[in-house]
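Student: Here it is, the structure in full.
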Amino acid sequence: MKKALTQEEKYHQMIETPVEKLIPGLAVPTIISMLVTSIYNMADTFFVSQIGTSASGAVGVIFSAMSMIQAIAFTLGMGSGNRISQCLGRQEYEEADKYAAVGFFTAFGIGILIAVFGTLFIKPLVLFLGATETIAPYAESYARYIFLAAPFMMGSFVMNNLLRFQGNATYAMLGITTGGILNMFLDPLFIFGFQMGTAGAALATALSQFISFMILLCQCNLRAGTIHIRIRRFVPSLKLYGEILHAGLPSFCRQGIASVSVIILNVAAGPYGDAAIAAMSIVSRFMMFINSALIGFGQGFQPVCGFNFGAKRYDRVLRAFWFCVKVAVVMLTVFGVVAFVFSRPIITAFRREDLEVIEIGTMALRLQVLTLPIQAWIIMVNMLSQSIGYGFRSSIVAMGRQGLCLIPMLLILPKMFGIYGIVFSQPVADLLTFILATVIVTGILKELKDKSIFEKNGEI
């Protein structure tokens, strides 16, 4: 087995290895992790869809609650992980320990609160999330186990990010992929074998998240060369929380506002029946699968970006960004062409008995994959700005695609064009966000270029 690198060796690797070699090496484990996570999310949708259209819609409804749980976890995980990578770039190891402890234990504590209050108020909550009267019973069964698993789900997301930002993506992959593969086997067993229905899908997810949590905890605390999570390092302060939230805010904006937009989407689709909600749920899960490969690749870029920004190697930050943009655009263009051609068979695989779901889903999927190349640009701009601490500008980009631009479209277009307005909302939002991201990143790239020139001239 390959010997684990010490923190000093990791530092030199991150600031000296050519980015064209370093980023793919870090990205492969994260791509695998993201794809497996996305596949087991789709597995829930696929197996539950075999029960019926209302059950399929229930997964889409509770997805917004899961997105909010993930949003909080990613905020703390990305925020503390981002600060850790910059601390390691400056070789401030004790400070990095503090960020790890505060990020993890805060997330786990919030998860406990979600588990308690989510279970107590489950019925009004699923109705608030957009469930119809026919979807609500399935949604309640699904949500109950999801809420109970919240502490472990949030803890896993934080540890995954802590490992990634240290350049230990392979360790993170082991925990995430093990849980994901387990979930794909447990889904049909619990749903059909034990006749548990939607509750079985949620229980499979909950157990898988717990297994991932335990594996990741071992990876963090038993591996040499990693920042260990220690309760004695949990010394929260307004300063630490402020820095974590500043760095993690873009993740909250991206994930949190996405959950809000899903609720609005469910409400907007409600008048067109359970078929519309089910169709948009299937499309959302499939688009998440495609984007997960890009996000995984971008997550290989983030620790490189954070390390080198902390070490004042601005030239490497710029080089890494443009390398990732080129790869990302090509990657999503290829995925988009394939998904466009096979869009109808893809939707049919989920719900072949319901022609209305197939028609709505096929149209929505084709429109959304047309904007995949510009989604690559949007996501890489977001990751660059977040990784170097440009929190406000990164948050604006993060909120654009599924918030600032999407929510107004969901409120306006369906009233004008009916069901067509719903399926057109996301592509229009993507175009508007592309313009917004381009305006924002132009200034950031100029600043980095100027800093790079000053650094080379010995002025910093």
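Student: From the list Thr348, Thr333, pick out the single residue that is in a helix (DSSP H, G or I), over 23 Å from the mean Cα position of the chain (by Cα) and among the hydroxyl-bearing types (Ser, Thr, Tyr).
Tutor: Testing whether each residue is in a helix (DSSP H, G or I), over 23 Å from the mean Cα position of the chain (by Cα) and among the hydroxyl-bearing types (Ser, Thr, Tyr) leaves just Thr348.
Student: Also, I was wondering about something else. Write out, first by first residue and then by second, each pair whose Cβ atoms fall under 7 Å of each other, whose residues are 6+ apart or on separate chains, and whose first residue, in the stretch 381-397, is among the aliphatic types (A, V, I, L, M) while the second is at pLDDT below 80.
Tutor: Cβ pairs passing all conditions: none.
Student: Follow-up. Do you know which residues across the stretch 360-380 are touching a residue at least 60 places away in the same chain (Cβ under 8 Å) and either in a loop (DSSP other than H, G, I, E, B) or more than 23 Å from the chain's Cα centre (by Cα) (or both)?
Tutor: Matches in the stretch 360-380: Ile360, Met363, Thr371.
Student: Now a separate question. Out of the residues in the stretch 419-452 that are touching a Phe, Trp or Tyr at 6+ places or on another chain (Cβ under 8 Å) and open to solvent by less than 20 Å² (accessible area, probe 1.4 Å), which is modelled with the lowest pLDDT?
Tutor: Looking at the filtered set, the residue picked out is Ser452.
Student: Sticking with this one: Cβ-Cβ under 6 Å, sequence separation 6+ or interchain: first residue in the stretch 138-165 and assigned to a loop (DSSP other than H, G, I, E, B), partner open to solvent by 10 Å² or more (accessible area, probe 1.4 Å) and not β-branched (Val, Ile, Thr). Which pairs?
Tutor: Filtered contacts from the stretch 138-165: Ala149/Ala206; Ala149/Gln209.
Student: What are the pairs, 6+ residues apart or on separate chains, where a residue within the stretch 324-351 that is among the polar types (S, T, N, Q) has its Cβ under 8 Å from a residue that is open to solvent by 30 Å² or more (accessible area, probe 1.4 Å)?
Tutor: Thr333/Pro373; Ser343/Arg366
Student: Which of the residues that make up the stretch 185-199 are surrounded by 19 or more Cβ atoms within 10 Å (Cβ to Cβ) and either closer than 18 Å to Ile39 by Cβ or among the β-branched types (Val, Ile, Thr) (or both)?
Tutor: Within the stretch 185-199, Leu186, Asp187, Phe190, Ile191, Thr198 qualify.
Student: On to the next question. Give all pairs with beta carbons closer than 8 Å in which a residue from the stretch 412-441 that is in a helix (DSSP H, G or I) meets a residue that is buried (at least 18 other Cβ atoms within 10 Å of the Cβ) and charged (D, E, K, R); count only pairs at least 6 apart in sequence or on separate chains.
Tutor: Taking only residues 6 or more apart or on different chains, the pairs are Ala429/Arg401; Asp430/Arg401; Thr433/Arg401; Ile440/Arg393.
Student: Another one. In the list Val327, Val283, Val304, which residue meets the criterion of being under 20 Å from the mean Cα position of the chain (by Cα), of a type outside the set (Ser, Thr, Tyr) and under 25 Å from Gly403 (Cα atoms)?
Tutor: None of the other options fit; the residue is Val283.
Student: Counting residues that are within 30 Å of Leu355 (Cα to Cα), out of contact with any strand residue (DSSP E or B) (no Cβ under 7 Å at 6 or more places or on another chain) and open to solvent by less than 50 Å² (accessible area, probe 1.4 Å), which helices (runs of 4 or more DSSP H) fully inside the stretch 1-90 reach at least 3?
Tutor: 19-49, 53-89
Student: Can you pull out every residue in the stretch 207-227 that is over 20 Å from Ile112 (Cβ atoms) and either at pLDDT 90 or above or within 16 Å of the chain's Cα centre (by Cα) (or both)?
Tutor: Within the stretch 207-227, Ile215, Cys218, Gln219, Asn221 meet the criteria.
Student: If you check Tyr171 against the conditions, is it open to solvent by 10 Å² or more (accessible area, probe 1.4 Å) and modelled with pLDDT under 90?
Tutor: Yes, satisfied.
The values are calculated or read from the model by the stated rules, or taken from the named source; none is laboratory data. Being a predicted model, the structure only gives us computed values, none of them experimental. No Cβ is skipped: glycine too gets one built from the backbone with ideal geometry, and neighbour counts run over all protein chains shown. Side chains are part of the model used for accessible areas, which takes the heavy atoms of the whole protein and leaves out ligands, DNA and RNA. Shrake-Rupley method; radii C 1.70, N 1.55, O 1.52, S 1.80 Å.
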